[in-house]
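The values are calculated or read from the model by the stated rules, or taken from the named source; none is laboratory data. None of these values were measured; they are calculated from a predicted model. Cβ placement follows ideal geometry from the backbone for every residue including glycine, while neighbour counts extend to all protein chains displayed. Side chains are part of the model used for accessible areas, which takes the heavy atoms of the whole protein and leaves out ligands, DNA and RNA. Shrake-Rupley method; radii C 1.70, N 1.55, O 1.52, S 1.80 Å.
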2 protein chains.
Amino acid sequence: MIIDVHGHYTTAPKALEAWRNRQIASVAEPAARPRPEELKISDDELRETIESNQLARMRERGVDLTIFSPRASFMAHHIGDFQVSSTWAAICNELCYRVSELFPEHFVPAAMLPQSPGVAPATCIPELVKCVEQYGNVAINLNPDPSGGHWTSPPLTDRHWYPLYEKMVEYDIPAMIHVSTSCNAAFHTTGAHYINADTTAFMQLIQGDLFRDFPTLRLVIPHGGGAAPYHWGRYRGLAQELKKPPLVEHVMRNVFFDTCVYHQPGIDLLLDVVPLDNVLFASEMIGAVRGIDPQTGHHYDDTRRYVEATTRLAPAQRQQVYDGNVRRVYPRLAAALARKGK
Amino acid sequence: MIIDVHGHYTTAPKALEAWRNRQIASVAEPAARPRPEELKISDDELRETIESNQLARMRERGVDLTIFSPRASFMAHHIGDFQVSSTWAAICNELCYRVSELFPEHFVPAAMLPQSPGVAPATCIPELVKCVEQYGNVAINLNPDPSGGHWTSPPLTDRHWYPLYEKMVEYDIPAMIHVSTSCNAAFHTTGAHYINADTTAFMQLIQGDLFRDFPTLRLVIPHGGGAAPYHWGRYRGLAQELKKPPLVEHVMRNVFFDTCVYHQPGIDLLLDVVPLDNVLFASEMIGAVRGIDPQTGHHYDDTRRYVEATTRLAPAQRQQVYDGNVRRVYPRLAAALARKGK
């Protein structure tokens, strides 16, 4: 199988955005907030947005299954309070669940959390429990900066986050470390904030000793690990300066990078420096970069082409990136596939 | 010649740090602040710190000349007010100038600016003028985030920064875009904040149209351009989404990346994707990563080895990275060398 671990519902029906805009407009006025049941999206509408977009691309590209979560830039945890985030997360997660029920062969859900700046992460646990137990979610997206570019939360290695990690370990689910939209004018959302967050998270994990406390915790750093593979020598050297064990022992038993790197030399470098066990196939299509690369004539985000074309992988290794590693990192997905004889 | 465009005086005599600590301790009490003349460092002390450190390494590595600026992480523009930064910048710039006078064949100074959060960049012009006109500085370091990790300044494309750009154009000097220490617990200084700043600056330049207003302005993005080369497809694609011209036209006439990437695959990727005209030799030694790489037996920051070993450069191209490109981007250095018949 070919499994894409990083897809968001970026093409949801416009009614979702309209509802969200009403919610945002009434942030200061709780009584005026729209009720969840005012949002009406039919199964046909969901089918149409998926069949003509993500599923069409998956078929073109030969991708079998996508781990599918709410649109990352729309999480916008910085807006409103916990109640606002909570209602919004519940709506978005329900839609991804419905997509997974409509296309059970092609989509498996991962949950966004109702994070809110300054609010304890433990408040996200009820939504997480519902998503895993009732919706069959196989992972969560964890935002290391719910402030949206002001970075007011403690590092990921801080005990602040431990209640979530405990629940993740209990359920044996990984988290993708994924920020949302930037409300800091210095940071372009997908060109700076996303990539910076990946780099920041990786360095936080090097500085700390999180996996001593949680030896089975698994974190996926998207967008090819931010800047980390390109600066792999710097990170190996910084771990050494900090008197930590080598990266492969210190963090790479627990940290995984996806292949959302939109050109061949980047994918080649990722595979040159990062151990093969730590690379997971992904595209994040239809996402930040939707155009066609004039240098190749293909979509920038058609990462399968780069993984196919790379000289760094033998066929069995390619299958490991597409499938074997994914099942190891997402055991609930592996179990669901096994139940179907896949 | 082999010119390293990115060196900081990280090995200054301890008296400098002691003076700075006194200054920091009296930030709230202007009357108690130490006077600049209380800092006494002899020429012999300067000679000793350079000869046993940077110059020794340059000789080992066959590097002829370093563009030398005050220690980046010590700039700490977020501490105190403009007066604090102004006194501190003057002291640090004077020391680098003295080093360049003691070792005129090996060091040419670049200036730090007395930036301060919320203070207009034009206030830095007198220090800049002194450093260029009296000290022979050939470049400046410009901090896009004087808050130290809170990113409260407008993007580099904002008119906020234009007075500095006007002066740079008048003097025909480039700026290296270089942050200082992070006082945000989320960001490790050299592992996250530095690299993020590079990525952030590059994306700001893509979003804006700065070089339409300043067609001859030149900005050096250090640390190999942050994450940009690894994600070159993303940045080409984002420029396209933003309806900007291709990167080579839109920003790469004015933006240059250095070779401070501490492993062979990173240097190879840089040279694979970034036009040769835009790459400048640098090491930032003795800096963030001072150790020896057990995989090679050599210092991580001995970037000359990677540039020598890469299969991507013919000898004339290597010389362009070491020398030709540097003289083009730093014309005041080129003129100074020409006056010496070099």
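Some observations on this one:
- With 40 Å² as the minimum drop in accessible area between chain alone and full protein complex (1.4 Å probe), the qualifying residues in region B:229-243 are B:Y230, B:H231, B:G233, B:R234, B:R236, B:L238, B:Q240, B:E241.
- Relative contact order, whole percent, for region B:47-125 stands at 36, derived from Cα pairs under 8 Å and 6 or more residues apart.
- Region B:278-302 and region A:39-75 have Cα centres spaced 45 Å apart.
- The charge dipole of region B:1-130, taken about its Cα centre with unit charges on the Cβ atoms of Lys, Arg (+1), Asp and Glu (-1) only, comes to about 280 debye.
- For region A:26-40, the Karplus equation 6.51 cos²θ - 1.76 cosθ + 1.60, evaluated at θ = phi - 60°, returns couplings of 10, 4, 7, 10, x, 5, 8, 5, x, 8, x, 6, 6, 7, 10 Hz by residue, with Gly and Pro reported as x.
- Most fluctuating residue given options A:N325, A:N141, A:N53, as computed from a GNM of chain A linking Cα atoms under 10 Å: A:N53
- Taking the helices alone, chain A has a mean residue ellipticity at 222 nm of -11000 deg cm²/dmol, built from -39,500 (n - 2.57) per DSSP H run of at least 4 residues and averaged over all its residues.
- Between A:D213, A:D323, A:D64, the GNM of chain A built on Cα springs shorter than 10 angstrom shows A:D213 fluctuating the most.
- Spin-label pair B:E45-B:K342: with each label point 7 Å from Cα along the Cα-Cβ axis, the two points sit 2.7 nm from one another.
- Anisotropy class of region B:215-281 from Cα gyration tensor, a/c 1.5 cut: oblate
- Applying the Karplus relation 6.51 cos²θ - 1.76 cosθ + 1.60 with θ = phi - 60° to region B:127-139 yields 3J(HN,Hα) values of 5, 4, 4, 4, 5, 6, 7, 9, 9, x, 5, 10, 6 Hz, where x marks Gly and Pro.
- Gain on full stretching of the segment that runs from A:Q317 to A:I24 - 0.36 nm per residue minus C-alpha separation: 100.9 nm
- For chain B, the per residue solvent-accessible surface stands at 35 Å², with DNA, RNA and ligands left out and a 1.4 Å probe.
- In terms of its C-alpha gyration tensor, region B:191-342 has an oblate overall shape, because the principal axis ratio a/c (a ≥ b ≥ c, square roots of the eigenvalues) is not below 1.5 and a/b does not outweigh b/c.
- Note on the protein assembly as shown: the alpha carbon radius of gyration divided by the globular reference 2.2 N^0.38 Å gives 0.97.
- Among the protein heavy atoms of the protein assembly as shown, carbon and sulfur supply 51% of the accessible surface, probe 1.4 Å, non-protein parts ignored.
- Each other copy places its own label point for B:I24 at 4.0 nm from this one, sorted shortest first, where the point lies 7 Å along the Cα-to-beta carbon line.
- Across the identical copies, the label point of A:P36 (7 Å from Cα in the Cβ direction) is separated from its matches by 6.4 nm, in order from shortest.
- Taking amide H atoms as placed 1.01 Å from N in the peptide plane, the amide H of A:S283 lies under 5 Å from those of A:V5, A:H6, each 5 or more residues away in sequence or on another chain.
- Long-range HN-HN contacts of B:A186 with modeled amide H, under 5 Å: none
- Share of Cα-Cα pairs in region B:172-257 lying beyond 20 Å, as whole percent: 34 percent
- Listing of region B:257-285 residues, each with accessible area lower by at least 50 Å² in the full protein assembly than in the chain alone (probe 1.4 Å): B:H263, B:L269
- Extending 7 Å from the Cα toward the beta-carbon at both B:K130 and A:A31 defines two label points whose distance is 6.2 nm.
- Per-residue accessible area (protein heavy atoms, 1.4 Å probe) orders B:E133, B:E94 as B:E133, B:E94, starting from the largest.
- Overall form of region B:75-125: prolate. Here a/c, set by the Cα gyration tensor axes a ≥ b ≥ c, is 1.5 or more, and a/b is the larger of a/b and b/c.
- Beta bridges per DSSP with both ends in the protein assembly as shown, % antiparallel, nearest 5: 10 percent
- Couplings 3J(HN,Hα) of region B:326-338, computed from phi: 5, 5, 5, 7, 10, x, 5, 5, 4, 5, 5, 5, 4 Hz, in residue order, whole Hz [Karplus 6.51 cos²θ - 1.76 cosθ + 1.60, θ = phi - 60°; x for Gly and Pro].
- Accessible surface buried once A binds B (1.4 Å probe; total of both sides; Å²): 4400 Å²
- Region B:310-336 versus region A:79-128: alpha-carbon centroid distance in Å: 53 Å
- Taking every alpha-carbon pair under 8 Å whose residues sit at least 6 apart, region B:76-220 reaches a relative contact order of 22 percent.
- For B:I2, distant residues with modelled amide H under 5 Å away: B:D64, B:L65
- A point 7 Å from Cα along Cα→Cβ stands in for A:D172, and the other copies hold the same point at 6.9 nm, listed in rising order.
- Minimum 10 Å² accessible area buried by the other protein chains, region B:192-206 residues, probe 1.4 Å, relative to alone: B:A192, B:I195, B:N196, B:T199, B:T200, B:M203, B:Q204
- For region B:239-271 versus region A:195-272, the gap between their alpha-carbon centres in whole angstrom: 22 Å
- B:V279 accessible area, assembled protein chains, probe 1.4 Å, Å²: 0 Å²
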